[in-house]
């Protein structure tokens, strides 16, 4: 009976061991598999989002640059009534060199039927045999609208560059073709640029799709009032037209981006669905595998696990950019998921091995020696499971004393097991959160309601041996063994790399904003410079002709007065446009220096704000938004002007993109005041406002209500970090649907903290 009682005790003990091994092994296996898989997916998604966002910005920027180039040509004809072919060619050639996707640029005056013969004779002096002819159609689909039944004018190609290869376009009446006529009517009546549906380019090469778009910019009589549609029709004198080669433009825009296995395409949402897409870019990985096929069916990508879609508007047309991730095959999938499968298989294998070993050991319970050996082997296998796990495992008693500290934890925290086992768990927790952690454990032990235990992973901070604080993802589970006090098993994953990638994506957002600002200022400078160059050329030519007249046959008083009048007009035109360029350069230089400089210095608040607003004039030029700045002239602060500039840029762009439906009017007010110690910055717009849910989540990274139109969800997150961390201030938001938004920002005038990034 004594022997049977001893065997019963051994059975109970080993049953407890079996249960403990299964519980610990499966807990560690499931938790490790989950955390490893989630970390891998998050890194994969962040990398894809970054690559897709870069390509989206590049494609959108390509359209914007070409639209600006066509507008520059319009500025040439608005600045002068007498532009000849030589002046046109001189102005256009540098533009074509800069924009690879711009196939051609042309000037198309409006010619009434009554003066067509006179116009043809005048044009024949420069282009022998010039005739007004109908423009051939290069598409086979139905017209977008019926031609006007009583059209009494032509829109004729008079100048075109490059001239070589486009000889047949000379004299073409682009209003005779339905697709072009649709864009002509849209641009003429709206006073804004218009883009045609896709067309087949006559100059296309055999190796590409040959699809293109036309951008038409209306030009009206100088000084004419064009507030209404009838006035615009009456005073229209012609169009500047740009021919876009879609494939060349997009390939040039993304040429400098690193390949990331991303396939994307571009849809013209303003055209019928059956004509989509207008461009497809296949990733190098997929193209190399399917190199025998030159035609791709994008429906095969609709089930891609990662998808990025954004809508954007250019002139009168809305486009959709769609990107997907394409993997090359099983080899790449094995590489992506090897760590998850490794953790799962090792955990299950070790758990099952240990379980089978213990079950086998129980068969010979009569031998104390065998039982002792088996216990020793079991402990060794348990240590093997812990030490072979690729993630940190820390087991602590309910009093907080560390009992298990595996190899991965040693590498992450920098402690040797002899230095940390037996010490309190608080040595791994930053001082600022130790008290909160201890209170959390105590509440769980007394009430069992603490959500930190067993509720899934959460993000927090940990403390390295050298004192460095770093981010981690933590999953805590309670482990109870019969007749023993409860213990807590913590699974820890280092988030340093993931946070670094998020920071890099935020920096990309800031640099994309700076890039848009540079492009806008460059365009604003290019127009007055171009006008100045044209005026200088005309002044030089008139001076040369005047000198010849003086030396050959003399001049009359009337000719002298005419020359002086022209000289005064041209010099005033040159001076005013150069002064405008200098003003833009000063504003941009001030903002650019502040953006790139991380040092603290004293600066005038009003000057900083006005320079920032000036750099955004190009973005707001085509809107009906009014920006009002109220700031004392003598208000100064010692802080980080670069951070202040970035805050203003993000707030203004946030209102422009999210606060107002396209084309709606509104007012944005920026008010600054001080009480000698603090600066109060009040920002208010009268846009669409936000719901309570949107307002509560506005500072979260990657949260946006307008992702399909280019929003990345980082703008207000950056604003919050700059206000609360860099500038040591506070920010509050008040908003409701239809009532606009109000931000109140309070900042110290004298910033005494050390600036950290």
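Annotations for the structure displayed:
- The label-point distance for residue 558 and residue 664, in a model that sets each label 7 Å from Cα toward Cβ, rounds to 6.1 nm.
- Overall Cα dimensions of segment 391-494, principal axis frame, Å, largest first: 35, 27, 22
- Pairwise label distance in nanometres, residue 478 with residue 604, each label 7 Å out on the Cα-Cβ vector: 6.5 nm
- Distance between the C-alpha centres of segment 54-126 and segment 624-686: 38 Å, rounded to the whole angstrom.
- Look at 631, 172 and count the other Cβ atoms within 10 Å of each Cβ; fewest to most, that gives 631, 172.
- Going from the fewest other Cβ atoms within 10 Å to the most, the residues 637, 501, 170 appear in the order 501, 170, 637.
- Peptides 55-63, 96-104, ordered by how many other C-beta atoms sit within 10 Å of their residues on average, highest first, read 55-63, 96-104.
- Calculated FRET efficiency for the pair residue 313/residue 578, C-beta based, R₀ 30 Å, to 0.05: 0.35
- Contour minus Cα-Cα distance for residue 84 and residue 116 (0.36 nm per residue): 9.6 nm
- Least to most buried among 246, 278 (fewest other Cβ within 10 Å first): 278, 246
- If R0 equals 35 Å, the separation of the Cβ atoms of residue 440 and residue 466 corresponds to a calculated FRET efficiency of about 0.85.
- Full extension of the segment from residue 164 to residue 571, taken as 0.36 nm per residue of separation minus the current Cα-Cα distance, would add 143.0 nm.
- Förster radius 45 Å - calculated FRET efficiency between residue 352 and residue 694, Cβ distance, rounded to 0.05: 0.35
- Peptides 485-498, 222-235, ordered by how many other C-beta atoms sit within 10 Å of their residues on average, highest first, read 485-498, 222-235.
- Cβ crowding within 10 Å averaged over residues, with 401-409, 736-744, 640-648 ranked highest first: 640-648, 401-409, 736-744
- Label-to-label distance, nm, for residues given as residue 551 and residue 739 (7 Å Cα→Cβ offset): 7.8 nm
Since every read-out is calculated from the coordinates, none of them should be taken as a lab result. Please read all numbers here as calculations on a predicted model, not as lab measurements. Don't worry about glycine lacking a Cβ; one is built from the backbone with ideal geometry, like all the others, and counts go over all protein chains shown.
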